[in-house]
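Enquirer: Here it is, the structure, as structure tokens.
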Amino acid sequence: MISKNRIKLIRSLEQKKHRKESLLFIAEGHKLVEDLLPAFECIYIAARKEWLDSRALDLKLLTGNDTTEIQEVSDNELRKASLQKNPQDILAIFRQRPETADPYHLLKEQLCIGLDGVQDPGNLGTIIRIADWFGIEHIFCSPDTADLYNPKTVQATMGAMARVHVHYTPLTDLLQSVEKEVPIYGTFLDGKDIYTSELSSNGLIVMGNEGNGISPDTASLINRRLFIPNFPAGRSTSESLNVAVATAITCAEFRRRDSIS
């Protein structure tokens, strides 16, 4: 049986305050948990008998240590502990990654994403998944961007957060620190058509807040302004694209250029 104290801990991790204090986060579902096990230290697993039986031989290999507490639980116990309306077959508690110095030098070497005030956890998780799909390993987030370890963000990444590193830093500090020749891209309604613009295989792609776009301070430091055109030109259309959708379109065009260059 999952103890009351354990359930209290799990429930507390819905709140950023408690995640920050404990440096823990929750993941649910076998695909997500199995993807995260090699990348994050796992301290606790609660799972149905069927999942545990199917992983009996490789569970220690998956967790990478002998200190993970593993508990067999019933459907009803999982339902009491789960943060989801429809609990899956496993719930795990992980330690957050230790914070590291911001690897600003990476912008000169590879393509990265910058998120300026993206506040919806689902959008953040989806963007991390998009970055993973397009081989982008680092995302730089402004401090007011949604929390990586929010349960909704974690679930939306579908395990991509195991391979994509997310850094929180003031974007203006980041952009002011990079060398002038490093391309800093941003999407704007008055930007240049992305399909006719010159695109590089390194630098930073900045995506803005869901309602307000890229903040003025950050926008002033962007040296390549892009626009995703609607079709056909001049047709009455939606005011804007969802930030995750815009990120996917932008990353796809960057990688398409890479593939033909």
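The values are calculated or read from the model by the stated rules, or taken from the named source; none is laboratory data. Computed from a predicted structure; not experimentally measured. Reconstructed Cβ throughout: ideal geometry from the backbone, glycine too, with neighbour counts over all protein chains shown. In case anyone asks, the SASA skips ligands and DNA or RNA and just uses the protein heavy atoms, side chains included. Shrake-Rupley method; radii C 1.70, N 1.55, O 1.52, S 1.80 Å.
Enquirer: Dividing the alpha-carbon Rg of segment 110-172 by 2.2 N^0.38 Å yields what? Walk me through the numbers on the way to the answer.
Expert: Values: Rg = 10.3 Å, N = 63, 2.2 N^0.38 = 10.6 Å.
My calculation over the Cα atoms of segment 110-172 gives 0.97.
Enquirer: How much of LYS31 can a 1.4 Å solvent probe reach, expressed as accessible area in Å² and rounded to 10?
Expert: 110
Enquirer: Taking LYS20 as the anchor, which lysines have their alpha carbon closer than 22 Å to its alpha carbon, excluding any fewer than eight residues away along the same chain?
Expert: Partners within reach: LYS4, LYS8, LYS152.
Enquirer: Now a separate question. Tell me, what HN-Hα J-couplings in whole Hz come from the Karplus equation 6.51 cos²θ - 1.76 cosθ + 1.60 at θ = phi - 60° for each residue of segment 75-87, using x for Gly and Pro?
Expert: 4, 5, 5, 4, 5, 5, 8, 5, 8, 9, 5, 10, x
Enquirer: Here's another thing I want to ask about it. Add -39500 (n - 2.57) for each DSSP H run of 4 or more in the chain, then divide by its residues: what number comes out at 222 nm, to the nearest 500 deg cm²/dmol? Walk me through the numbers before you get to the answer.
Expert: Details: 12 runs with 94 residues, N = 261.
Calculated at 222 nm, the ellipticity per residue is -9500 deg cm²/dmol.
Enquirer: Using a 1.4 Å probe over the heavy atoms of the protein chains, calculate the carbon and sulfur portion of the accessible area of segment 121-228 as a whole percent. Can you show the working numbers first?
Expert: Values: 2390 of 4730 Å².
Carbon and sulfur: 51 percent of the exposed surface of segment 121-228.
Enquirer: Let me ask something else. Could you check which residue among THR237, THR172, THR67 shows the biggest mean-square fluctuation in a GNM of the chain with a 10 Å Cα cutoff?
Expert: Taking springs between Cα atoms under 10 Å, the residue moving most is THR237.
Enquirer: Considering the convex hull of the alpha carbon atoms of the chain, report its projected area averaged over all viewing directions, in nm², one decimal. Intermediate values should be presented prior to the final figure.
Expert: Working: hull surface 64.3 nm².
Mean orientational projected area (the chain, Cα hull): 16.1 nm².
Enquirer: Using the heavy atoms of the protein chains and a 1.4 angstrom probe, tell me the accessible area per residue for the chain in square angstrom. Before the final figure, lay out the partial values.
Expert: Numbers: 13660 Å² over 261 residues.
Here the residues of the chain average 52 Å² of exposed surface.
Enquirer: Okay, next question. Could you tally the net charge around SER3, taking each other residue with its Cβ under 13 Å from the Cβ of SER3, Lys/Arg +1 and Asp/Glu -1? Mind showing how you got there, number by number?
Expert: On the way: positive: LYS4, ARG6, LYS8, ARG11, LYS80; negative: GLU69, GLU77.
Once positives and negatives cancel, what remains is +3.
Enquirer: Roughly how big is the chain's charge dipole about its Cα centre, with Cβ charges of +1 (Lys, Arg) and -1 (Asp, Glu), in debye to the nearest 20? Mind dumping the intermediate values first?
Expert: Details: 30 positive and 35 negative charges, 115 e Å.
Here the chain has a charge dipole of around 560 debye.
Enquirer: Need the list of lysines near LYS180 for cross-linking: C-alpha distance under 22 angstrom, and skip anything on the same chain fewer than eight residues off.
Expert: Correct list for LYS180: LYS108, LYS192.
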